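*Asks:* Quick one: the structure is below, questions incoming.
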Amino acid sequence: MTPPRHQEHKDHQDPTSWRTYRPILILERCVHCLQCWIFCPDSSVVVKAGKVVGFDLEHCKGCGICAYECPDKFHAIEMVLEKQVKV
């Protein structure tokens, strides 16, 4: 007899179903130092032409490292509760 196969649920693959916080980029404050990009463990910071343009929210786990590494005097990334974000 073969054991039943583990079935992946879509909810486990979609971070929005379990992520508590998500990063929000405040572009007016960003100086594009790329510290967020360097330290993001999921490679979720999207950079185009050397500038931060947003986040790949399909891969972002909401850990907040990007916001932590953003220089204090800029605070260009804020972590907000996932359920407070209107899509």
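Since every read-out is calculated from the coordinates, none of them should be taken as a lab result. Note that the coordinates shown come from a computational prediction; the quantities given were computed from them, not determined experimentally. In this analysis, Cβ positions are derived from the backbone assuming ideal geometry, glycine residues included, and neighbour counts consider all displayed protein chains.
*Asks:* Determine whether GLU58 is surrounded by fewer than 15 Cβ atoms within 10 Å (Cβ to Cβ), assigned to a loop (DSSP other than H, G, I, E, B) and over 14 Å from the mean Cα position of the chain (by Cα). Show your work before the answer.
*Replies:* Details: surrounded by fewer than 15 Cβ atoms within 10 Å (Cβ to Cβ): yes; assigned to a loop (DSSP other than H, G, I, E, B): yes; over 14 Å from the mean Cα position of the chain (by Cα): no.
No; evaluated as a whole, the condition is false for this residue.
*Asks:* If I go through the range 61-74 residue by residue, how many of them are closer than 18 Å to VAL85 by Cα and part of a loop (DSSP other than H, G, I, E, B)?
*Replies:* Qualifying residue count for the region: 4.
*Asks:* Moving on to the next point. Quick check on the range 64-86. Is at least one of its residues in contact with a Pro (Cβ under 8 Å, 6 or more places away or on another chain), surrounded by 13 or more Cβ atoms within 10 Å (Cβ to Cβ), closer than 15 Å to TYR21 by Cα and among the acidic types (Asp, Glu)?
*Replies:* yes
*Asks:* What is the residue count in the range 16-32 for residues that are farther than 22 Å from GLN84 by Cβ and without any contact (Cβ under 8 Å) to a residue 40 or more places away in the chain?
*Replies:* 1
*Asks:* While we're here: Pick from the range 33-55 the residues that are without any contact (Cβ under 8 Å) to a residue 24 or more places away in the chain and in a loop (DSSP other than H, G, I, E, B): which of them is farthest from GLU78 (Cα to Cα)?
*Replies:* ALA49
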